[in-house]
Amino acid sequence: MKATKKLVSLGLAAAMVASLTACGSSDKGTESASANKDVPSFDALKVGEDYKDLKADIKILTNRTDIVDTTYKQYAEEFQKLYPNINVTYEGITDYAETVTLRLTNGDWGDICFIPDSVDKSEFSNYFTPLGDYATLDAKYNYVTEKTYDDTVYGIPNGGTAGGIAYNKAVFEKAGITTLPKTPDEFIDDLKLIKEKTDAIPMYTNFAANWTMGAWNDYVGIASNGDPDYKNNVLLHTENPFTKNDENSGPYAVYYTLYTAVADKLVEDDPASSDWESSKKKINDGEIGCMVLGSWCVQQFKDAGDHPDDIGYMPFPISVNGKQSAAAGGNYAYAVNKDSSTDNQIASMLYIKWLLEDSTIFADEGSIPALKGADLPDALSEFQGVELLTNNAAAKGEEDLYDKLTNEAEVLSGNDPVCEVLEAALYGQQSLDDVMNEWNDKWTTAQQSLGIEVNK
């Protein structure tokens, strides 16, 4: 029942996103990146030196409801030592992407938010302050490509994450696993060992949370192919991309891993009653063997119990020509409300820059720092020999094509298609091949509808 409610609400959100795009005027969409001449570029600001007498009250929307009144409050207090006249408040939002998408349409969202994935790049200028030109900011910060349109940056990610699997080292050791898996079948064999030799749930899906299921889509790109061009360029023009290959790599292999684990009963007994918050302590305590999530989760799992040293992070188990790769991409990106007052826009940029360059946020969250050249987090220590790659930008004129295609096809978009894979395996409704064939058909229809040239 819980999953059904999510499906309905997300459908409503999708409708609102459609209206969001339809309502944006062409005048807004072509607004100059320097529309407000009184707001400096992000790179020009010197935190702790500029605008010391600035007075402002700024509000930030965040998905981190668990630390909004603790860690984030401490960041705000630390920033105020530099800028005592800038008051910073946070609002934690549980259903973040859905809620913020709706609030963007009516302007009721404060001064800073994380950009929801539902907002097309071509619509960035309708809502967000231009932060600067791409070449300048890309030279300094990681992953700004993801929130850039027409060579203008509208959001800077809160550091980055690598794609892999969080696991409990003690559970793996008890199961007799001495070498981390490098293929889907090796991974399934290891889950079977955990089930046979320990009391732990081999792989916890966190299905009931819904948003956690979308993590599986992140492995369709670099992790499944080793190709940084695949997601934004190759995939869009590929015929039937969800077809199995002999190597068991590519998109099919990602969902094969999930489907097989569920079908072989290597997950929680009742995924519909799983619980995200309690799962953090369970994996820390050794009640769970592993969870498929980005590396951002590692620090949360370490902090959730008395066994932080038992939490490890491994690459997703797909190999291409015997080599593993992992995607390193940006977390949610900070953006500033272009309709906030000039003072609030400047204050917001100062705070974001302080967070990215001077705070302890990346050490606290175990994320890849926003600044290029900074040390990788300890969470990625087991990625030796694994190539960390970032998705290349889409071709000129195709910046929104991935979002348009995945939304039209209703695959690789959001969490619900992944939930369908799990449900098919859980209830024996369809074989994986049946599901993947349906996805291929949807993909082909969407390509044709959008007039996309297909490479056969």
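Of note:
- Among the residues examined, Leu371 does not qualify as buried (at least 21 other Cβ atoms within 10 Å of the Cβ) and either touching a Lys or Arg at 6+ places or on another chain (Cβ under 8 Å) or not β-branched (Val, Ile, Thr) (or both).
- Subset of region 173-210 (residues that are assigned to a loop (DSSP other than H, G, I, E, B), over 26 Å from the mean Cα position of the chain (by Cα) and either touching a residue at least 12 places away in the same chain (Cβ under 8 Å) or crowded, with 17+ Cβ neighbours inside 10 Å (or both)): Ala175, Gly176, Ile177, Thr198, Asp199, Ala200
- Residue match in region 93-106 (condition: more than 21 Å from the chain's Cα centre (by Cα) and on the phi < 0 side of the Ramachandran plot): yes
- Residue match in region 249-268 (condition: on the phi > 0 side of the Ramachandran plot, at pLDDT 95 or above, of a type outside the set (S, T, N, Q) and in a helix (DSSP H, G or I)): yes
- Taken over region 290-318, the criterion of being farther than 21 Å from Val418 by Cα and buried (at least 23 other Cβ atoms within 10 Å of the Cβ) is satisfied by Val298, Phe301, Ile311, Tyr313.
- Residue within region 397-409 that is more than 20 Å from the chain's Cα centre (by Cα), in a helix (DSSP H, G or I) and in the same structural domain as Val144 (by TED's automatic domain parsing) present: no
- Qualifying residue in region 77-97 (condition: at pLDDT below 95, among the aromatic types (Phe, Trp, Tyr) and either in contact with a helix residue (DSSP H, G or I) (Cβ under 7 Å, 6 or more places away or on another chain) or farther than 20 Å from Leu355 by Cα (or both)): yes
- Some residue of region 10-29 being outside any helix (DSSP H, G or I), farther than 28 Å from Asn210 by Cα, polar (S, T, N, Q) and modelled with pLDDT of 90 or more: no
- Some residue of region 364-374 being part of a helix (DSSP H, G or I) and over 17 Å from Leu236 (Cα atoms): yes
- Output for region 429-456, where each listed residue is outside any helix (DSSP H, G or I) and in contact (Cβ under 8 Å) with a residue 60 or more places away in the chain: Ile452, Glu453, Val454, Asn455, Lys456
The values are calculated or read from the model by the stated rules, or taken from the named source; none is laboratory data. Keep in mind that what you see is a predicted model, and the values were worked out from it rather than measured. Glycine also receives a Cβ, built like all others from the backbone with ideal geometry; neighbour counts cover every protein chain displayed.
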